[in-house]
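No value in this document is a laboratory result; all are computed from the given coordinates. Nothing here was measured: the structure is a model prediction, and the numbers come from that model. Reconstructed Cβ throughout: ideal geometry from the backbone, glycine too, with neighbour counts over all protein chains shown.
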Amino acid sequence: MQIERVLVLFLDGVGLGEDDPEVNPFVQADLPTLRGLLDGRRLVHANSGYATRHATLLPLDAQLGVSGLPQSGTGQTTILTGINAPALLGQHYGPYPNQPLRDLLSNGSLFAHLLAAGRAAAFANAYPDRFLSRLDRGTERLSANTRAALSAGLKLRGPADLKAGRAVSALLTNEYWRQWGYDVPELSPAEAGAQLARLTEDHVLTYFEFWYTDVAGHRQDRDLSLHVLHLLDEFIGGALDVLDLRRTLLLVISDHGNFEDWRTAKHTHNPALALLIGAGHQTIAPRLQSLQDITPSLKEILLPSS
């Protein structure tokens with residue numbers, strides 16, 4: 001199967017951890033979509049490298065040869081540039097990118113390379129008006145993912161896009177948007193996943209950032225963690241119902257561990273999760289060993305002449 005489009009579902013702070021229900025929410029939660037892709041196997045480190053005809057589960061090195069706990073700023077920058085950002089800085093840094101990381105993102109992210117080649121890309125998150133207003137005033141803190149999209153010239157989508165089905169809430173459903181007074185439709189997680197999948201029809205790369213996993217991990221809240229996983233499982237199921245997996249690769253990736261270990265509120269040394277689903281997953285899997293391999297591999301797929 002030829003990969004014509006890629007949908008990246010970025011999960012903040014999700015590693016491949018132990019196969020222990022007292023430690024890891026992935027072991028305790030009922031996840032019919034995710035486990036169905038892997039013949040019933042759990043998303044844990046022991047199953048790294050397992051592949052079915054539908055999907056491949058991989059561990060990605062987030063340590064990158066640098067001591068200390070991996071962080072979001074350097075991890076996300078590495079993902080989106082293919083440059084070992086922790087090695088460049090001499091440390092893991094985050095959560096938000098500092099000036100050297102901002103410079104890396106401005107000088108050539110995956111988004112920028114695609115747009116320069118005339119290839120359509122989308123950053124699918126919807127942002128409320130107050131966020132966009134703070135952004136205009138220069139007072140909003142941006143993740144490396146969001147900063148890379150903005151630096152490349154991608155549109156940050158707002159309430160009108162969410163209402164029209166051209167964006168997805170960072171919390172998947174529109175519940176909080178409706179509580180904030182926005183006139184947007186009610187959506188189940190599965191409907192939100194389908195909405196994200198439909199965006200891929202007009203773009204070679206569609207990128208969605210889900211940060212709720214990192215929040216739940218830092219809080220060490222077991223009930224919240226299980227709730228987040230159930231939302232994600234239904235969300236991914238809704239996307240898979242719409243995606244043409246003969247031509248589209250769904251790449252579920254993360255930047256560092258945290259969520260997968262209830263014993264700590266800090267990040268972990270576990271490898272970052274990568275789940276490849278659909279077109280070409282077994283072909284691209286051997287190329288992905290660390291966070292640094294993602295952008296070069298996607299450029300090779302989406303920019304064959306680069």
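General remarks:
- Rg and Dmax of region 261-303, both derived from C-alpha coordinates alone, stand at 13.6, 42 Å.
- Here the mean projected area of the convex hull built on the C-alpha positions of region 222-306 is 6.8 nm².
- Among Glu191, Glu18, Glu175, residue whose mean-square fluctuation peaks in a GNM of the chain (springs only between Cα atoms under 10 Å): Glu175
- Summing charges over neighbours of Ala239, with a neighbour being any other residue whose Cβ is under 13 Å away from its Cβ, gives -4 when K and R count +1 and D and E count -1.
- All C-alpha pair distances within region 1-92, sorted into 5 Å bins from zero, spread as 2, 12, 18, 20, 18, 16, 11, 4, 0 percent across the bins.
- 3J(HN,Hα) from dihedral phi, region 30-40, Karplus parametrisation 6.51/-1.76/1.60, rounded to Hz, x for glycine, proline: 8, 10, x, 5, 5, 6, x, 5, 10, 6, x
- Alpha-carbon radius of gyration plus Dmax, which is the widest Cα pair, for region 5-302 in Å: 17.6, 49
- Computed over region 147-227, the percent of Cα pairs more than 15 Å apart is 64.
- Packing rank of 246-253, 183-190, where each peptide gets the mean count of other beta carbons within 10 Å, highest leading: 246-253, 183-190
- Largest GNM mean-square fluctuation across Tyr96, Tyr50, Tyr127, computed for the chain with C-alpha springs under 10 Å, falls on Tyr50.
- D by Stokes-Einstein for region 67-224, Kirkwood Rh over Cα pairs, 10 °C, 1.306 mPa s: 95 µm²/s.
- Shape summary: region 1-157 maps onto an equivalent ellipsoid whose semi-axes, from the alpha-carbon gyration tensor, are 30, 20, 17 Å in decreasing order.
- Packing order of peptides 114-122, 54-62, 36-44, 254-262, highest average first: 254-262, 54-62, 36-44, 114-122 (average count of other Cβ atoms within 10 Å over each peptide's residues).
- Compactness of region 138-181 - radius of gyration and Dmax, Cα, Å: 12.0, 32
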